[in-house]
Protein chains: 2
Amino acid sequence: MPSSAIKPGCYAAIFSSQRTDQDARGYEEMSKRMEALAKTMPGYLGIESARDENGFGITVSYWESEEAIANWKKNANHAEAQHRGKVDWYKEYSVRVAKVERAYEMKKQR
Amino acid sequence: MPSSAIKPGCYAAIFSSQRTDQDARGYEEMSKRMEALAKTMPGYLGIESARDENGFGITVSYWESEEAIANWKKNANHAEAQHRGKVDWYKEYSVRVAKVERAYEMKKQR
């Protein structure tokens, strides 16, 4: 779970998607590669992801600026993954880019 | 998956949470009740939710305005659910309120 790096003024890229039933080949590997790649990009702040047993998932990545998101979107390896996603892996998806205005967290003591 | 009601200018409430291992009593029922209740609130636009097999989940609800989110947050039944969540159901959670600046969707023909 991202830390206190997520502050008002940063940007969230909210990606929600419904997986297709077939052709999972390469999906998990690509998913991990893209998450690892995102973490190396300029302006990256954090990422959270959950997918349920019906194949519906939400990934929210956080960035310092809209430019950082645009730069990540057009990264060549990411663009290839987006293409595979559109053709093979997703029935439908949505992307929403949003500017964080308030943020708070709760974490219990261990 | 929410439809084209999600447009620039609306607000997203991004709630991510890690469930506790114990005390699931009442959680699923409360979760369904809260989703049904949210849908009746003024300014509600849509909701998406996914929780993985490790108990990590993301729920994004969309609203017409910040006031609509504030109004939903202080709803008495919702406030009770928030309290139970903090005490029993979540190890940690974060809430980010963000203003949608861009939105696009892909949906395949059936």
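The values are calculated or read from the model by the stated rules, or taken from the named source; none is laboratory data. Model, not experiment: these values are computed from the prediction. Backbone-built Cβ (ideal geometry, glycine too); neighbour counts: all protein chains shown. Surface accessibility is based on the protein's heavy atoms, side chains included, excluding ligands, DNA and RNA. Shrake-Rupley method; radii C 1.70, N 1.55, O 1.52, S 1.80 Å.
Here are the numbers:
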read-out	value
In region A:1-107, trypsin sites (Lys or Arg not before Pro) in a DSSP loop with at most 14 other beta-carbon atoms within 10 Å	A:ARG25, A:LYS39
Contour excess over end-to-end distance, with Cα ends at B:ASN71 and B:GLN109 and 0.36 nm allotted per residue	9.9 nm
Positive-pole candidate from B:ASN71, B:ALA5, B:GLY46, dipole of chain B, charges at beta carbon	B:ALA5
Cα gyration tensor shape for region A:47-107, rounded if a/c is under 1.5, else prolate or oblate	oblate
Shielding by partners, peptide A:48-54 (average Cβ within 10 angstrom, other chains)	6
Other-copy label distances relative to A:SER4, 7 angstrom Cα-Cβ extension, nm	4.4
Alpha-carbon Rg with Dmax, taken over the protein assembly as shown, Å	17.0, 49
Between helix B:27-38 and chain B: long-axis angle, C-alpha atoms, 0 to 90°, nearest 10	30 degrees
Percent accessible area from carbon and sulfur atoms, region A:11-99, protein chains only, probe 1.4 Å	48 percent
Shape of region B:11-99, Cα gyration tensor, a/c cut at 1.5	prolate
Label point 7 Å beyond Cα along the C-beta direction, distances from A:GLU80 to other copies (nm, shortest first)	5.5
Charge dipole (debye, nearest 20) of chain B; +1 at Cβ of Lys and Arg, -1 at Cβ of Asp and Glu	300 debye
Per DSSP, loop GluC sites (Glu not before Pro) in region B:1-98 with at most 10 further Cβ within 10 Å	B:GLU53
Placed amide H near B:GLY26: partners under 5 Å, 5+ positions off or other chain	none
